[in-house]
Amino acid sequence: KGDVYVNEGGMGGLGGTMDQRISAHPFYQKFFTQLDRSEMNIFAYSQNANGSINHFIGHYYVGMGTVGGRIPTEGDWMIDNTGGWIIQLAKDYEQTGDIRYLNAHVGKVRDGMAFLKTLMPKGVEIPVGPTTYDDFKHPPIYSYGAGIYLTTLKAATRIMNAVGDAEMAMEYEKQYERTRHDMLRLLWNGRFFSYGC
């Protein structure tokens, strides 16, 4: 009936993995935009009450998520799931110019950005939490998490500018500068970025 999600290899049937989409979606986003949007829409619809975007939206053996229905993997998020969804939404708009599609999801962007802000420890302007690189323990302030958050802030700023929300665009620009400052303060040693701290 038009619902699409991609199974993640080696994950026991889990599907629609947002962290993998960050690098794996460009082919079908460009050639099969409506199929790509089907998966993006299920992620948007199943956004958790706290604003986070789920890691998975279906399971081969349990059931597939759908807009208007439930997903069998609710509440399973990572920092880059929310960030990746926002980045991909911005990219869709930049490549298609479809402002109606962007407007349909702009509230979800605000909720996702508010969620990411709640993950910042006191005195630090970088969200802390799990990411796709979960095969071993990494330090709380993590270079990948910090970097993807900066990219998410840029994407969210572009989205807000596109929909005419100058106030939120300015807020995200200011947050970008604070986060960039902390990333340099905590992870840059003068020659290269540390893995984490």
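Before moving on, here are some points about what is shown:
- Any hit, segment 75-83, residues being among the β-branched types (V, I, T), within 16 Å of L14 (Cβ to Cβ), touching a residue at least 12 places away in the same chain (Cβ under 8 Å) and touching a strand residue (DSSP E or B) at 6+ places or on another chain (Cβ under 9 Å): no
- Scanning segment 1-39 for residues that are in a loop (DSSP other than H, G, I, E, B) and either open to solvent by less than 60 Å² (accessible area, probe 1.4 Å) or at pLDDT 85 or above (or both) turns up G2, D3, V4, Y5, E8, G12, G13, G16, T17, H25, F32.
- Taken together, the criteria place Y144 among residues that are more than 16 Å from G51 (Cα to Cα) and touching a residue at least 24 places away in the same chain (Cβ under 8 Å).
- So I42, is it open to solvent by 30 Å² or more (accessible area, probe 1.4 Å), in a helix (DSSP H, G or I) and not hydroxyl-bearing (S, T, Y): no
- Qualifying residue in segment 94-106 (condition: within 14 Å of S52 (Cβ to Cβ), touching a residue at least 12 places away in the same chain (Cβ under 8 Å) and not aromatic (F, W, Y)): no
- Boolean, D80 is surrounded by fewer than 20 Cβ atoms within 10 Å (Cβ to Cβ), touching a helix residue (DSSP H, G or I) at 6+ places or on another chain (Cβ under 8 Å) and closer than 20 Å to P26 by Cβ: no
- Taken over segment 129-156, the residue count meeting the criterion of being under 19 Å from G107 (Cα atoms) and crowded, with 20+ Cβ neighbours inside 10 Å is 5.
The values are calculated or read from the model by the stated rules, or taken from the named source; none is laboratory data. This one's a predicted model, so the numbers in the text were calculated from it and none came from an experiment. All Cβ positions, glycine included, derive from the backbone under ideal geometry; neighbour counts span all protein chains shown. These accessible areas exclude ligands, DNA and RNA; they are computed on the full protein's heavy atoms, side chains included. Shrake-Rupley method; radii C 1.70, N 1.55, O 1.52, S 1.80 Å.
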